[in-house]
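Novice: Please find one structure pasted underneath; my questions will follow.
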Amino acid sequence: MSDNYLRQLSDTLKRHGVDKPVAVVDLDRLDANCAAATKGADQGLDYRLVAKSLPCLPLLDHIRSKIPTSGLMTFSEPMLLALLAAEPEIDHLLGKPLPVTSAARVLQVQPDAARRVQWLIDTPVRLAEYLDLAERIESTLRLSLELDIGLHRGGMTPDQVAQAGKMIDTHPHVVLSGVMGYEAHLAKLPSMLRGAAARSCTEAYRRSVEALGAGRGDLCLNTGGSLTFQSYMASGSATEVAFGSVLVKPSDFDHATTQAFSPALLLATPILKVMPGNRLPGLDFLGPRRRTDIAVFGGHYLAEPAYPEKFKYSGIFGRSSNQEVWTGPKATQAQPGDIALLRPSQSEAVLNQFGLLLGIHGNEVVHEWGCLPN
């Protein structure tokens with residue numbers, strides 16, 4: 001992001017009247033990223049958006065107007081309930097296994113969730129819990145099996161998959177909806193290990209799918225993530241890939257596989273104070289410093305300062321959630337009331353902090369969107 005781009009964006013937000021921390025999405029960059037995702041992904045696969053990474057319903061709607069999707073991957077009870085209430089026909093694949101008590105609450109509030117949610121099962125113990133829940137409520141639940149294909153953050157082995165499939169097939173109140181295998185480690189491995197690890201993941205996924213037996217052509221076979229979704233082909237074992245963060249590209253997703261994508265998400269917060277030559281606390285006798293400190297509204301965000309130019313977190317004042325101090329060049333034009341900008345390292349659990357997402361088109365704020373609960 002160029003200094004000129006950031007300066008214009010800051011001015012746009014100041015004219016709009018921003019007076020508290022907000023999140024900002026550049027819709028022109030977002031649209032270009034949607035086009036890059038569509039171009040990069042295999043057209044024979046289905047695409048599932050990861051809701052935790054794009055936790056704003058109008059934002060999801062905007063993206064779905066550009067990219068055809070099979071549904072959402074959802075990760076929390078509050079967000080799932082909000083989305084179930086707002087959209088009566090969207091399919092949800094849980095991206096992590098929820099405690100069975102959480103699933104029971106969702107089904108009590110939204111009985112239709114039995115039809116619309118694929119509940120993720122990672123162990124034989126959790127499978128038994130969900131089988132008991134289905135029997136108690138006498139409603140058919142759709143169960144998806146989490147696979148361990150190399151990340152080793154839980155999930156089933158091929159042998160466990162085969163046994164789980166048999167238990168589901170013989171139970172009157174559950175059906176097998178599919179499997180989910182996540183492999184976030186692949187993109188982070190050194191190049192000398194990556195090829196062998198990718199082949200191992202592919203083989204583990206294939207063996208797990210085959211362990212379910214023949215005649216299961218209607219299953220949702222999900223894999224991938226924002227750094228890997230472009231590497232999958234419809235000729236493989238999977239039927240769909242999931243992605244989300246790459247469409248707004250926070251800094252954790254700067255990677256060789258995402259060079260076609262541009263950062264589209266920033267955090268904005270007013271500058272409260274500008275302190276040129278600010279003295280060191282307790283060392284006032286040293287006189288004014290050849291630096292300028294600014295204090296911004298809020299702080300301790302999962303983000304790095306991006307504007308004003310050449311400002312960084314102060315090593316003297318340290319991190320603060322109240323009015324964080326940044327330090328930069330003595331000759332700055334920053335003034336109280338100007339809008340400072342930060343580039344977040346991730347979008348999940350960050351957008352929800354602010355509650356409000358501003359959509360920018362050109363040099364104008366065109367949308368003010370509320371975010372989903374975390």
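The values are calculated or read from the model by the stated rules, or taken from the named source; none is laboratory data. Note that this is a predicted model, so its numbers are computed, not measured. Here the Cβ is made from the backbone with ideal geometry for all residues, glycine too, and neighbour counts use every protein chain on show. Quick note on the areas: whole protein, heavy atoms, side chains included, nothing else; ligands and nucleic acids left out. Shrake-Rupley method; radii C 1.70, N 1.55, O 1.52, S 1.80 Å.
Novice: Kindly indicate which of LEU286, LEU302 is touching a residue at least 40 places away in the same chain (Cβ under 8 Å) and at negative phi.
Specialist: LEU302
Novice: Strands (runs of 3 or more DSSP E) wholly in the range 268-374 with at least 3 residues that are more than 22 Å from ALA51 (Cα to Cα) and within 27 Å of the chain's Cα centre (by Cα) - which ones?
Specialist: 303-307, 339-344, 364-370
Novice: Further question: Return yes when ARG216 is without any contact (Cβ under 8 Å) to a residue 24 or more places away in the chain and either open to solvent by 20 Å² or more (accessible area, probe 1.4 Å) or charged (D, E, K, R) (or both) and no when it is not.
Specialist: no
Novice: I would also like to ask the following. Within 25 Å of SER226 (Cα to Cα) and in contact with a helix residue (DSSP H, G or I) (Cβ under 9 Å, 6 or more places away or on another chain) - does that describe any residue in the range 123-142?
Specialist: no
Novice: Also, I was wondering about something else. For the range 275-323, which positions are touching a Gly at 6+ places or on another chain (Cβ under 9 Å), open to solvent by less than 30 Å² (accessible area, probe 1.4 Å) and polar (S, T, N, Q)?
Specialist: THR292
Novice: So if I check each of ALA260, ALA256, which one is in contact (Cβ under 8 Å) with a residue 60 or more places away in the chain, over 16 Å from GLN335 (Cα atoms) and hydrophobic (A, V, I, L, M, F, W, C)?
Specialist: Result: ALA260 is the single residue among ALA260, ALA256 that is in contact (Cβ under 8 Å) with a residue 60 or more places away in the chain, over 16 Å from GLN335 (Cα atoms) and hydrophobic (A, V, I, L, M, F, W, C).
Novice: Go through the residues of the range 193-211 one by one and say whether even a single one is part of a loop (DSSP other than H, G, I, E, B) and surrounded by fewer than 23 Cβ atoms within 10 Å (Cβ to Cβ).
Specialist: Checked the range 193-211: no residue is part of a loop (DSSP other than H, G, I, E, B) and surrounded by fewer than 23 Cβ atoms within 10 Å (Cβ to Cβ).
Novice: Looking at ASP91, ASP148, which is the one that is closer than 21 Å to SER53 by Cα and either at pLDDT 95 or above or touching a Pro at 6+ places or on another chain (Cβ under 6 Å) (or both)?
Specialist: Just one listed residue meets the conditions, ASP91.
Novice: Can you name every residue in the range 238-263 that is assigned to a loop (DSSP other than H, G, I, E, B) and either open to solvent by 40 Å² or more (accessible area, probe 1.4 Å) or touching a His at 6+ places or on another chain (Cβ under 6 Å) (or both)?
Specialist: Matches in the range 238-263: THR239, ASP254, HIS255, GLN259, ALA260, SER262.
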